[in-house]
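Take a look at the structure below.
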Amino acid sequence: MIFSYIFLATFSISLCVFIAVAFLYFNNKWLPKILLSLVSLSAGALMGGAFIHLLPESFAEVGYETAGLIVLVSFLFFLVMEKFLHWRHCHKESCNIHSFGKINLLGDSLHNFIDGLVISAAFITDINIGIATTLAIALHEIPQEVGDFGVLLYAGYEKKRALILNYFVALTVVLGGIFGYLFNFIITGVMPYLLPFAAGGFIYIGASDLIPEIRKEENIIKSLLNILIFVIGILLMFIIKLIHHEWDKKYYL
């Protein structure tokens, strides 16, 4: 019974990608105009997710020094991965697909897998907690998937391919849920170390890849608008954090 709840919850989360990008995918007129705005939203959501959600939990679980070291290792890992992807695909010819698109897919896969582990642990603890956790993650996924879709398009992917890749990445939440159910006794010890690693990936993608793209905008009005959207992405993560706190009070106390 618990496994059924976990599977249905994580599979429902994976469908958020279609809710998020449906209106973008079918509207050719809007997309070019808001593409950089979507990159800004994704950058804000990634940075907010790292500093508001993942790092505070990491500090509480493994301490400042250990969490900080893991973040640095993660940052270096994503740097090496991006350099390898760029060299592997672009050293012989001009590169039509920016490597930060692939790095974004990798980072998002890790994040979704962790979300699956969190959902699994919540349902194993209590069904009500599992439902509340699933709703909170869904609220987080919808704006992030919009931004991720925009990042892939900005990186050079065609819309159809971007949607398919985004969905395959979204399915890693299901894998995380299944893995968490089958190996729950292991997850308890591993999860605290996965959180700062995911945070490091978010910080790398946001600061090294997405924010420099935002800075390329030369029009002052559009630049200010993109900064505002970046802040909105951070605020969305802050609001979700507040919602988490309210649910924690309701279901844990």
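The values are calculated or read from the model by the stated rules, or taken from the named source; none is laboratory data. Model, not experiment: these values are computed from the prediction. Surface areas here come from the heavy atoms of the whole protein model, side chains and all, with no ligands, DNA or RNA. Shrake-Rupley method; radii C 1.70, N 1.55, O 1.52, S 1.80 Å.
The helices (runs of 4 or more DSSP H) located wholly in segment 151-228 that include 2 or more residues which are open to solvent by less than 10 Å² (accessible area, probe 1.4 Å) occupy 159-170, 172-182, 184-204.
For segment 166-187, a residue qualifies if it is farther than 26 Å from ILE240 by Cα, modelled with pLDDT of 75 or more and among the aliphatic types (A, V, I, L, M), and exactly one does: LEU182.
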